[in-house]
Structure formats: structure tokens, C-alpha cells
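J.: Can you read through this structure? Questions will come right after.
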Amino acid sequence: MTIPIDVSSEADLVQQEFPGTRGAYAAVEHVKELPDGGVNWRMITTSTPGGYIPQFIVEKQMPGKIKEDVAAFIEWLNKKRADAAGPSSGS
């Protein structure tokens, strides 16, 4: 989960903050490994880019971005499972 913070009271952080248009993104994911070895993955996400980008464009792009997340998640899960299994007997 991503939680935005207000840095306006910290002078050094204010200087480091990017001065561009502010957008917002939030995602919550829940992953559960099933007894049969399958995976139940639930994801809730929302995004508002701010500025002059219309919301309908963001909504049109969201499925492709989620597809990218799925591929990254599967890669992460396979690595986690391989690490948990230890070195392969062929090495």
C-alpha cells in the first residue's frame, strides 16, 4: 500500500520535492497461496495523474498496466518458490 505524506513542514524535504503536477496512485494487493499450489491474487488500484490528462485516458490505460503487474508478480512468485525449494539437484 502506498501512503502519501505531507512534507510541507520539513524544509529540506520541500526542497527535494519535485515541483511538477501532482498525481495520486493507490493499490492494495492480497496474495494467498492455495492448498492445491494455486494462487489467489486480489488487487485494487486507482490512479489520478493530475494536470491536463483526462481521466478517461487513464482508465483506458489501466488494464495494460495491470497486465504488466501480473507478469512482474508471476516472475516474483516463481523466484520466491525457487528460493524456498533451495538449490536444484542438477547444480
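Readers should treat all values here as calculations from the given coordinates under stated rules, not as data from a laboratory. Because the structure is predicted, anything quoted here is derived from the model rather than measured. Neighbour counts run over all protein chains shown; Cβ positions are idealised from the backbone, glycine included.
J.: Obtain the nm distance between the two label points defined at S8 and A27 by a simple spin-label model: each point lies 7 Å from its Cα along the Cα-to-C-beta direction.
T.: 2.9 nm
J.: Tell me the relative contact order for the chain as a rounded percent, counting alpha carbon contacts under 8 Å between residues six or more apart.
T.: Values: 62 pairs, mean separation 17.6, N = 91.
Contact order relative to length: 19 percent.
J.: Which of the lysines could a cross-linker bridge to K80, judged by Cα under 24 Å and excluding same-chain residues fewer than eight apart?
T.: K32, K65, K67
J.: Each residue of segment 12-19 in order: what ³J(HN,Hα) in whole Hz does its phi give by Karplus 6.51 cos²θ - 1.76 cosθ + 1.60, θ = phi - 60°, with x for Gly and Pro?
T.: 5, 6, 4, 5, 7, 5, 5, x
J.: Once the Cα atoms of helix 55-85 and of the chain are each reduced to a long axis, what angle between those two axes, in degrees from 0 to 90 to the nearest 10, is obtained?
T.: Result, in degrees: 40.
J.: From the helices alone, meaning DSSP H stretches of at least four residues, give me the mean residue ellipticity at 222 nm for the chain, per-run term -39500 (n - 2.57), in deg cm²/dmol to the nearest 500. Each step should come with its number before you reach the end.
T.: Details: 2 runs with 37 residues, N = 91.
Helices in the chain give a 222 nm mean residue ellipticity of -14000 deg cm²/dmol.
J.: Here is a further query. Return the Rg/Rh ratio of the chain with Cα-based radii and a Kirkwood Rh. Please report the intermediate quantities before stating the final value.
T.: Values: Rg = 19.0 Å, Rh = 16.9 Å.
So for the chain, dividing Rg by the Kirkwood Rh gives 1.13.
J.: Using the basic label-point model (7 angstrom from Cα toward the beta carbon), what is the T48 to D36 distance in nanometres?
T.: 4.1 nm
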